């Protein structure tokens, strides 16, 4: 019963993030367009599953931490939704997840496992972003996950996102247009929460 409620909570958070995107951020959003609404729902389902997997894996000792995590994952879903439709997102959208990432540590101790390797990987990703081989939003997403959850979780998220992207492109389960990498990273976050 708890898992079903958590799934519904995660799905509603992803749908709320998608609805917020369409209502306030998309300039040319036309919800009457069926293909746009269909794509929004197609993205909300895996994003909702990712949020649910992340929420189920946490052992919540307080409602404050649950509310903090729900807001955190909802903002990450908003970043991924915005990136999926526009190949970018507003930089100001990074502020709430950063604040929520550090506020999690008011409730939970820091987990330094894998910090050195994650820091080296972060410098490598930043170098790729500087050379314009990778988007800087992916690097920020990696840094936010490392700050909020753990450096090891961020590395596993990157690995799961890469494997998911590779699997989808090799099996030709393509959507009608290519997606940027951030939505794969967000679903990879749910996969790593489910597996590890």
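The values are calculated or read from the model by the stated rules, or taken from the named source; none is laboratory data. Source: prediction; values computed, not measured. Don't worry about glycine lacking a Cβ; one is built from the backbone with ideal geometry, like all the others, and counts go over all protein chains shown.
For the stretch 95-112, name all the residues that are part of a helix (DSSP H, G or I) and in contact with a helix residue (DSSP H, G or I) (Cβ under 7 Å, 6 or more places away or on another chain).
96, 97, 98, 100, 101, 102, 103, 104
Between a residue in the stretch 50-78 that is on the phi < 0 side of the Ramachandran plot and at pLDDT below 85 and any residue that is outside any helix (DSSP H, G or I) and surrounded by 17 or more Cβ atoms within 10 Å (Cβ to Cβ), which pairs come within a Cβ distance under 9 Å, given they are 6 or more apart or on different chains?
Between residues of the stretch 50-78 that are on the phi < 0 side of the Ramachandran plot and at pLDDT below 85 and residues that are outside any helix (DSSP H, G or I) and surrounded by 17 or more Cβ atoms within 10 Å (Cβ to Cβ), the close pairs are 54/149.
Does residue 179 meet the test of being in a loop (DSSP other than H, G, I, E, B), within 17 Å of the chain's Cα centre (by Cα) and either crowded, with 17+ Cβ neighbours inside 10 Å or in contact (Cβ under 8 Å) with a residue 12 or more places away in the chain (or both)?
Yes; evaluated as a whole, the condition is true for this residue.
Residue 163 passes all but one of (1) modelled with pLDDT under 90; (2) touching a helix residue (DSSP H, G or I) at 6+ places or on another chain (Cβ under 9 Å); (3) surrounded by fewer than 24 Cβ atoms within 10 Å (Cβ to Cβ); which number fails?
Tallying (1) modelled with pLDDT under 90; (2) touching a helix residue (DSSP H, G or I) at 6+ places or on another chain (Cβ under 9 Å); (3) surrounded by fewer than 24 Cβ atoms within 10 Å (Cβ to Cβ), residue 163 fails exactly one: (1).
Please go through (1) touching a helix residue (DSSP H, G or I) at 6+ places or on another chain (Cβ under 9 Å); (2) not in a helix (DSSP H, G or I) for residue 185 and return the number of the only condition it doesn't satisfy.
(2)
Does the stretch 65-94 hold any residues that are surrounded by 13 or more Cβ atoms within 10 Å (Cβ to Cβ) and not in a helix (DSSP H, G or I), and which are they?
Of everything in the stretch 65-94, those that are surrounded by 13 or more Cβ atoms within 10 Å (Cβ to Cβ) and not in a helix (DSSP H, G or I) turn out to be 87, 88, 89.
Looking at the stretch 1-36, which of its residues are closer than 21 Å to residue 181 by Cα, part of a helix (DSSP H, G or I) and modelled with pLDDT under 70?
25, 36
Which residue, of 147, 193, 153, is out of contact with any strand residue (DSSP E or B) (no Cβ under 6 Å at 6 or more places or on another chain) and farther than 23 Å from residue 43 by Cα?
147
So that you can scan it fast, the table gives a plain yes or no per residue for (1) surrounded by fewer than 21 Cβ atoms within 10 Å (Cβ to Cβ); (2) modelled with pLDDT of 90 or more; (3) out of contact with any helix residue (DSSP H, G or I) (no Cβ under 6 Å at 6 or more places or on another chain):
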{"residue": "114", "(1), (2), (3)": "yes, no, no"}
{"residue": "127", "(1), (2), (3)": "yes, yes, yes"}
{"residue": "132", "(1), (2), (3)": "yes, no, yes"}
{"residue": "135", "(1), (2), (3)": "yes, no, yes"}
{"residue": "150", "(1), (2), (3)": "yes, no, yes"}
